[in-house]
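Reading through the structure tokens given below for one structure.
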Amino acid sequence: MPRILLISPNEICYNARLLKAADFFHDKGWEVTVFNGVTGIAPRKVYDEIKASRPWDIIENDISKNKLKSKFKWLLTSLLHKCVQISIDRFKLPLWNRYYLNKALLLRPNIERANYDYILIHLIDNLPFAVHLKNKTNAKIIYDSQEYFVGQYAAFEQNKFKWVKDNEEKFISEVDILLATTNAMLDQLNKDYQLKIPAFRVRNVPAFHKIETSDLILDTIFKEEHRTNSIKLVWHGMGIFFNNRRGVHILLEAIAQCNEDVHLYLQGNLNETQKLIYNDYEQKLNLFDKVTFVPAAHPDQIVDSLKGYDIGLTGELPEEMNQELTSSNKLFDYIHAGLAVISSDALGLAETIDEFNVGLKYEPGNIEELRDKIDLLASRPIKLKQLKQNSLAAMRQLYWEKDYQKVLEQLDI
């Protein structure tokens, strides 16, 4: 029975690709272990439910601050991390490099003593440590580059995150299989590194079991050719944040200008700071009765939570290459829920929308064009229904196990 270690920097319940990969390998009969540095990003109740519902092993470094022991571990980890940072800056010690990029690894040395056949990571932060484990145990590395990290960190202070490019260049040759979320990203990584290893696109699609009720979706959410109630638009995420590259504020501006009867639902956790920002938008744009907030969905129930809406929206602003090349989970969640899509025209998103004709695109950040696309679908029920039907057809071809089977075949198990 092959043994695989998946390294997640925080709660795996909100690392959708690792969560699906862990389920996939366990279903294939593998012995699956997840190392999980708990940082308090997810609600503890959700994380505990995920752990209880999964049969694979989880090793965790509880630094969630729920109790005194957790607070002590957090303090100790922070102090060790600071020492490592100083050591790297002053002495260039290579030993520390494998821990530095993922603080949670500092207090988990016992995973070095286990023998794994494969190591799956999805962050550049974990790549040096994975290579270290490979050299000790001859394990093979599957590097799921779910984001284009050179682009992701480019927006930060100049040269402060030079380690991202340096470490990927240094260690990517040690990787045995490379995964990317889009063909656009795969092409860019090939251009960057002239890859000589197997490389596959694995899209951020839901697992197969979500397709079981797909034949009922259209009848449930669109029974009439001509509807008299508002067209329901939805954006979903773990958290709702305005004025950033997710572009949720762009959606607010467009909704305020729509001529048709539409209503926007924002699904996700909203903290007090963001509530205040929204209140300003509500007053300025006269959004009263046009926007409703819905709590974030449970990680295993995202697709089900979206059924009943009409159009799924993305507002991504591809200000740097990560947003341009990646494709967010929400696009595929919308498709699996049988929704039409209106999306910003970024390369990674466009490749799926164009291939399956599931929606309309607008120039990123162009409020007037987004408004016009929303009004178009809201005023043309036949067009809206056709795009929903296209989503239902696409979902039968877009599921996790289908894309990931190529990885399993490459492993020759």
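The values are calculated or read from the model by the stated rules, or taken from the named source; none is laboratory data. Everything quoted here is computed from the prediction, not taken from an experiment. A quick note on method: Cβ atoms are made from the backbone with ideal geometry, for glycine too, and the neighbour counts reach across all protein chains shown.
Quick rundown of the values:
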{"quantity": "Members of the range 318-352 that are among the charged types (D, E, K, R) and more than 20 Å from residue 392 (Cβ to Cβ)", "calculated": "319, 320, 324, 345"}
{"quantity": "Enumeration of residues in the range 189-225 that are at pLDDT 75 or above, over 22 Å from residue 399 (Cα atoms) and of a type outside the set (Asp, Glu)", "calculated": "189, 190, 191, 193, 194, 195, 196, 197"}
{"quantity": "In the range 366-410, the residues that are in contact with a Pro (Cβ under 9 Å, 6 or more places away or on another chain) and crowded, with 17+ Cβ neighbours inside 10 Å", "calculated": "395, 398, 399, 400, 407"}
{"quantity": "Inter-residue pairs, beta-carbon under 6 Å, first within 16 Å of residue 15 (Cβ to Cβ) and in the range 47-60, second of a type in the set (Phe, Trp, Tyr), 6+ apart", "calculated": "59/35"}
{"quantity": "Every residue from the range 310-339 that is hydroxyl-bearing (Ser, Thr, Tyr) and buried (at least 24 other Cβ atoms within 10 Å of the Cβ)", "calculated": "314, 326, 327, 334"}
{"quantity": "Flag if residue 138 is at positive phi and either in contact with a strand residue (DSSP E or B) (Cβ under 8 Å, 6 or more places away or on another chain) or at pLDDT 70 or above (or both)", "calculated": "yes"}
{"quantity": "Condition met for residue 155 (of a type in the set (A, V, I, L, M), surrounded by 15 or more Cβ atoms within 10 Å (Cβ to Cβ) and either farther than 21 Å from residue 15 by Cα or at pLDDT below 85 (or both))", "calculated": "no"}
{"quantity": "Selection status of residue 346, farther than 18 Å from residue 233 by Cα and out of contact with any helix residue (DSSP H, G or I) (no Cβ under 6 Å at 6 or more places or on another chain)", "calculated": "no"}
{"quantity": "Single unsatisfied condition, residue 302 versus (1) at pLDDT 95 or above; (2) of a type in the set (Val, Ile, Thr); (3) closer than 28 Å to residue 358 by Cβ", "calculated": "(1)"}
{"quantity": "Any chance residue 342 is touching a strand residue (DSSP E or B) at 6+ places or on another chain (Cβ under 7 Å), assigned to a helix (DSSP H, G or I) and of a type in the set (A, V, I, L, M, F, W, C)", "calculated": "no"}
{"quantity": "Qualifying residue in the range 256-277 (condition: without any contact (Cβ under 8 Å) to a residue 60 or more places away in the chain and of a type in the set (D, E, K, R))", "calculated": "yes"}
{"quantity": "Of all residues in the range 260-281 being of a type in the set (A, V, I, L, M) and in a strand (DSSP E or B), the one that is farthest from the chain's Cα centre (by Cα)", "calculated": "262"}
{"quantity": "All positions within the range 108-136 that are buried (at least 17 other Cβ atoms within 10 Å of the Cβ), touching a helix residue (DSSP H, G or I) at 6+ places or on another chain (Cβ under 7 Å) and in a helix (DSSP H, G or I)", "calculated": "124, 127, 128, 129, 131, 132, 133, 134"}
{"quantity": "Any hit, the range 387-409, residues being over 30 Å from residue 143 (Cβ atoms), at pLDDT 95 or above and part of a loop (DSSP other than H, G, I, E, B)", "calculated": "no"}
{"quantity": "Residue match in the range 282-292 (condition: in a helix (DSSP H, G or I), under 19 Å from residue 361 (Cβ atoms) and not aromatic (Phe, Trp, Tyr))", "calculated": "no"}
{"quantity": "Number of positions in the range 109-118 that are out of contact with any Phe, Trp or Tyr (no Cβ under 9 Å at 6 or more places or on another chain), within 15 Å of residue 34 (Cβ to Cβ) and at pLDDT 85 or above", "calculated": "1"}
{"quantity": "Residue list for the range 169-207, filter: assigned to a loop (DSSP other than H, G, I, E, B) and over 20 Å from residue 17 (Cα atoms)", "calculated": "194, 195, 196, 197"}
{"quantity": "Residue among 355, 324 that is modelled with pLDDT of 95 or more, assigned by TED's automatic domain parsing to the domain that holds residue 368 and under 30 Å from residue 192 (Cα atoms)", "calculated": "355"}
{"quantity": "Any hit, the range 240-251, residues being assigned to a strand (DSSP E or B) and crowded, with 21+ Cβ neighbours inside 10 Å", "calculated": "no"}
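Okay, residues lined up against (1) of a type in the set (A, V, I, L, M); (2) more than 30 Å from residue 165 (Cβ to Cβ):
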residue	(1), (2)
290	no, yes
297	yes, yes
313	yes, yes
332	no, no
366	no, yes
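For (1) part of a helix (DSSP H, G or I); (2) more than 16 Å from the chain's Cα centre (by Cα), each residue gets a yes or a no:
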| residue | (1), (2) |
| --- | --- |
| 303 | yes, no |
| 318 | no, no |
| 350 | yes, yes |
| 354 | yes, yes |
| 368 | yes, yes |
